Amino acid sequence: MGKHDLGSVAEEWLDRYLSERGYNADTPGDPDQKNPDRLITTPDGRQVVCEVKSFATPGLLKEARFREGSGGIRVSQPMARTQKEALQPIRDKIKEAAKQLKRYKDDGLPLMVILANPMSCPIPFDESSVIAAMYGDIDAVFEITEPGAEHEGASWLQAGRNGKLTSDHHYISAVALLRERPHSAAWAKAWFDENRRRFDQAQDMIAAYLQAAKTENAPQGSEVFLSIIETTGEEAVPLPRDLFNGPLDLRYGPAPDGTGFTLLSDGR
């Protein structure tokens, strides 16, 4: 699958997401120029400009060396990657998208970068890693509290090194991860929780699961959802928090104490 095909898959995911929520999507700007992918209009008339980027990269396996393992399976030799190396593909895509969104920075609209990984390329494609790509490699900080103390959400401390939005592209309103989840995921989890104790061999359990999926009408289809990370750019038009808030969507924003980001809403 080529880069163009990957982009089409990601845009199809986004269009499906928007259609299910009653949002309208057009391609903005002059058709002869390289424009952002979508001008999104909500049912009440609000608008957001989005650029969608997909990954086609060896990522963490770049320059990896393999050996022949048992059964002819190729196994990667031990290797190490710095945070900077691991997160570089994400930073590159944010940079590319920001360039295409820049022409709209004075139009008073939220500008959002949407990242998708439909081929599951070996990159750290999770919220904390994308936050690190945006605002700096992560420093591990452990706070020892009294037994029974309450914690309000998860947060990460950013060191400020190598962050793509630390000193660049302050007009970007949010960066989002676009992902697809099969409707059968919850059904499969429930089946394994109920049945795994019946089996001694993993292959027997997998075979039984596949048979059950056929005979017990496992749910079909999938759902697309977003994990949205708000930015701290002074030039950015805020992305309203009542937009892109589907049942599986997540949203992260700056922590009140300024040490990182925290989970604001969890549709799951």
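The values are calculated or read from the model by the stated rules, or taken from the named source; none is laboratory data. Quick caveat, the model's predicted, so the values are computed rather than measured. Don't worry about glycine lacking a Cβ; one is built from the backbone with ideal geometry, like all the others, and counts go over all protein chains shown.
Couple of notes before you dig in:
- The condition of being over 17 Å from the mean Cα position of the chain (by Cα) and assigned by TED's automatic domain parsing to the domain that holds residue 177 does not hold for residue 230.
- Residue 239 meets the stated requirement of being closer than 19 Å to residue 14 by Cβ, within 19 Å of the chain's Cα centre (by Cα) and assigned to a loop (DSSP other than H, G, I, E, B).
- As a summary of the residue check, residue 96 satisfies the conditions (1) in contact with a Lys or Arg (Cβ under 7 Å, 6 or more places away or on another chain); (2) assigned to a helix (DSSP H, G or I); (3) modelled with pLDDT under 90 except for the one numbered (3).
- Unmet criterion (only one of (1) at pLDDT below 90; (2) farther than 21 Å from residue 118 by Cβ; (3) out of contact with any Gly (no Cβ under 9 Å at 6 or more places or on another chain)) for residue 255: (3)
- Of all residues in the stretch 221-236, none are modelled with pLDDT under 90, on the phi > 0 side of the Ramachandran plot and surrounded by 12 or more Cβ atoms within 10 Å (Cβ to Cβ).
- The listed residue being of a type outside the set (Phe, Trp, Tyr) and under 24 Å from residue 118 (Cβ atoms), out of 217, 245, 195: 245
- Scanning the stretch 244-268 for residues that are surrounded by fewer than 19 Cβ atoms within 10 Å (Cβ to Cβ) and more than 17 Å from residue 135 (Cα to Cα) turns up 245, 246, 247, 248, 264, 265, 266, 267, 268.
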